[in-house]
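Below you'll find the structure, written out as structure tokens, and then a few comments.
Bear in mind that the values in this text are calculations on the coordinates, not laboratory data. No experiment lies behind these values; they were computed from the predicted model shown. Methodologically, a virtual Cβ is constructed for each residue, glycine included, from the backbone with ideal geometry; neighbour enumeration extends over all protein chains shown.
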Ligand code: MRU
């Protein structure tokens, strides 16, 4: 089985997701700048995987801090965390992972510098371990919402590749399969970065889960034909009112789901819920390079000089979301109350 991201003695090791499915190449990052570059360049992607990688990047950077006293340690530590925080704006898990590492420093100021460095490495490994456990719980809660024999449509990749392992949306599918249900999946290819075609199709096929690939513009047709029983997607950030930012195209899928009366589920850990953001309009949406739209596999497919938009995420309003599946259970409308209550559990 592949590993998305892993802490090893040699450094932080990641499977290069840009090269999948053709090549399985693992890269080792020995410093935090390398990890920051890997997040920015999409070697690793997917909200929880970004959070875990950021925590590991912080630990890696901290381990190499030269300062011998806490004041100079904190100065260098700040440089590390701000570079990692500047990599991608939408997935709140990035900031969550960094904040968790910052808290370790603040709560352990009395430790010696070598002890503090050791504590940070342990914390990053803990974040990794917890992520897999959380996804298994999401899978358990969400798996029970899917009927035996169901066909599920998913968008982007919210699988093992987007997390430390198991996945959120694909975790729900894996949870149902592990409970003995027969589940089939339709995977949207997810233009322009093709996370569905390259990653979801790859990991489900590897797991021998029945998967059919479609282009994004086929989803409406397939739903109208009555072929889809449920939609399950992941999230990059969920606002306090339940509005969901996820991969561009998710909103269109949610509108289609409502039209065809198909339940639209969002699977995400609590680390994706941002109670500081009241509604979806406040979520920063990453705008990526225009070549992702004008080119395919390095080859231009649009006229030279054409105007392009390339927002990487969109926001699905809470009214289109049938339920949000978390490690602490399933929340339905009214989301404001339900999401807040999760943090008190
Ligand atoms: O740009 P990406 O590939 O990082 O976007 C990933 C997504 O939008 C996923 O659906 C989301 O992060 C959930 S992953 C469990």
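Odds and ends about this structure:
- The chain - percent relative contact order, Cα under 8 Å, separation 6 or more: 16 percent
- Here the contact order of the stretch 180-268, divided by its residue count and restricted to Cα pairs under 8 Å and six or more residues apart, works out to 25 percent.
- Counted over the chain, the DSSP beta bridges are approximately 50% antiparallel.
- Debye equation applied to the C-alpha atoms of the stretch 31-139, log10 I(q)/I(0) at 0.13, 0.14, 0.15 Å⁻¹: -0.44, -0.51, -0.58
- In this simple spin-label approximation, residue 286 and residue 10 carry label points 7 Å from Cα along the Cα→Cβ vector, and these lie 2.6 nm apart.
- The orientation-averaged shadow of the Cα convex hull for the chain, equal to a quarter of the hull surface, comes to 17.7 nm².
- Angle of helix 70-85 to the longest C-alpha principal axis of the chain, folded into 0 to 90 degrees and rounded to 10: 20°.
- Mean residue ellipticity (222 nm) of the chain, computed from DSSP H runs ≥ 4 via -39,500 (n - 2.57), nearest 500: -12000 deg cm²/dmol
- Distance histogram for the stretch 141-342 (every C-alpha pair counted, 5 angstrom bins, percent rounded to whole numbers): 1, 8, 16, 20, 21, 16, 10, 5, 2, 1, 0
- Kirkwood-type radius of the stretch 162-241, with distances r between different C-alpha atoms, in Å: 13.6 Å
- The distance between label points at residue 99 and residue 72 comes to 3.2 nm (points 7 Å beyond Cα on the Cα→Cβ vector).
- Angle in degrees between helix 47-63 and the longest Cα principal axis of the chain, rounded to the nearest 10: 10 degrees
- Between the beta carbons of residue 144 and residue 112, assuming R0 = 45 Å, the FRET efficiency works out to 0.40 to the nearest 0.05.
- For the stretch 135-149, the residues whose backbone nitrogen is under 19 Å from a point 7 Å from the Cα of residue 342, taken along Cα to Cβ, are 135-146.
- C-alpha long axis of helix 169-178 to longest principal axis of the chain, angle in °: 70 degrees
- Reported to the nearest whole Å, the Cα centre-to-centre distance from the stretch 44-72 to the stretch 223-270 is 33.
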